[in-house]
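Let me begin by presenting the structure, written as structure tokens, before commenting on it.
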Amino acid sequence: MPRTNRQMHLALFLLGTGNHPAGWRMPGAGRSNQDLPVLIRATQLAEQSLFDMIFVADGLALSLTDHPSYVARFEPLTLLATLGAHTRQIGLGATVSTTYGEPYHVARAFSSLDHLTGGRAAWNVVTTANPAVAANFSRSGHPEPAERYEIAGEFVDIVRGLWDGWEDGALVGNPETGLFADPERIHALKHVGRHFSVQGPLSMERSPQGHPIIVQAGGSPAGRALAARTADVVFAAVQDLDAAKASYRELKKQLPAFGREPDSVKVLRGVMPIIGRSKSEALATLDRLQSFLTPTNALHLVSIRLGHDISGYPLDGPVPDLPFTAGTQGFAKGLIERARRENMTLRDLYNVTAAARGHWVICGTAADIADTLEQWFVEKAADGFNILPPFFPDAFDDFVEQVMPELQRRGLFRRSYSGNTLRSHLGLARPGNRFRPE
């Protein structure tokens, strides 16, 4: 396979019980997503292994049939601040919804995290698809998909505007003149839009990265358009190499319309690697994990990913024809296309989906895993990968100890950090300030 001068980027999807829904049942595995020592150890190991960032997902309503890590978990920004105190260089990303939140709060929280960690914060922008969340936020109804993305676009624009409110050097602190902050370098946003009215500015200096990194994972046309316009990193779930290459090209082609270079957005594919001394041993580990799942639990997870309740369909019948919804289209489209391509039954599909919640599962030796990641990277199906260990600590240890050296040996992954901010890890420039054009 031809070598490349590019180097891949790696994120760690951090879930204390592991990314497989039954990972917590493996011997020695983490039993809770609120086991702070497990989360700290995994984050520190990711930093020692030179990962770009760790990532913490979130949700705003409880379902006892959901993934175990989502049943009990910390508020993500509080957790990231704690993890930041135990690390020095690795990026720290978390999900915060635009459907249930306020731009001022989000801008302030992520700017604070960026300051506190020396420039390592990342915000995963999501629209909430789960209508049950409305009842937790004093709302009688849940926005429709089109409105959710309209809200999201305005929300992100406000947050970025607030991040620009202080020019660099605005905090003077001159004891001789008595000038603490220069009012000429501090700007109110004065935003008035359809969904929000935000005066600004924030009550803090511009953060080390200028703007914390923005991550986006929407798979619908509206989500992809938002990513092309605003994201620095795109998390994407694709099961097929050709489909991955096509979506990669499509996203990169959209960027010039927004005045952006193709390399200004990094595409990271979600992947669950299951490693063994042979492929058969790795498959045996997957079989063991799958044996812990009940059909009811697995069908619930598939229903979430497809955006439809499929519990009434026969398990050994064909995968039903279902319309996609904006909140689930990226996952649903990839899963349905794979089911059609491989002539899957619904039982086949839920076995695949339940393993990694719709993400890509690869089984094999460390060399097999490295071969596959290299192919996807070199053939421009991805700029890197969001690694989803099925359980912690052993499955992540295996990836770090066996796959990482192989990627480094092939010249595909760094041997040291080039800087201390997440932007430096990603090779992204610090953005200019809209209120003080260069």
- request: Just reorder Tyr149, Tyr313 by solvent-accessible area, largest first, 1.4 Å probe, all chains present.
  value: Tyr313, Tyr149
Rounded D (µm²/s) - the range 31-108, Kirkwood Rh over Cα pairs, Stokes-Einstein at 4 °C, 1.567 mPa s: 95
field: Estimated dipole of the range 137-239 in Debye, rounded to 20 [Cβ of Lys and Arg +1, of Asp and Glu -1, Cα centre]
entry: 460
- line: Square roots of five times the C-alpha gyration tensor eigenvalues of the range 69-154, ordered largest first and given in whole Å, equal 27, 15, 10
- prompt: Round to a whole number: what % of the accessible area of the chain belongs to carbon and sulfur, probe 1.4 Å?
  reply: 52
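Mind ranking Glu184, Glu176 by accessible surface for me, highest first, 1.4 Å probe? Walk me through the numbers on the way to the answer.
Numbers: Glu184 135, Glu176 165 Å².
So, going from the largest accessible area down, we get Glu176, Glu184.
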query: Can you give the accessible area of Glu406, probe radius 1.4 Å, in Å² rounded to 10?
result: 40
message: Just to be sure I follow the rule: in the chain, considering lysines 8 or more places apart or on different chains, how many pairs have Cα atoms under 29 Å apart?
response: 16
query: Hey, what's the chain come to in accessible area per residue, 1.4 Å probe, Å²?
result: 42
- request: Give the percent of DSSP beta bridges with both residues in the chain that are antiparallel, rounded to the nearest 5.
  value: 15
Kirkwood Rh in Å, taken over all unlike Cα pairs in the chain: 22.4
Solvent exposure, largest accessible area first (probe 1.4 Å, DNA, RNA and ligands not counted), of Trp24, Trp163: Trp24, Trp163
Span per principal axis, largest first, for the Cα atoms of the range 153-195 (Å): 45, 15, 10
- line: Highest mean packing first, using Cβ neighbours within 10 angstrom, the peptides 408-420, 196-208, 365-377 sort as 365-377, 196-208, 408-420
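The values are calculated or read from the model by the stated rules, or taken from the named source; none is laboratory data. All figures in this text were calculated on a predicted structure; none of them were measured in a lab. Note that each Cβ is placed from the backbone with ideal geometry, even for glycine, and that neighbours are counted across all protein chains shown. To get the accessible areas, we keep the full protein, side chains included, count just its heavy atoms, and leave off ligands, DNA and RNA. Shrake-Rupley method; radii C 1.70, N 1.55, O 1.52, S 1.80 Å.
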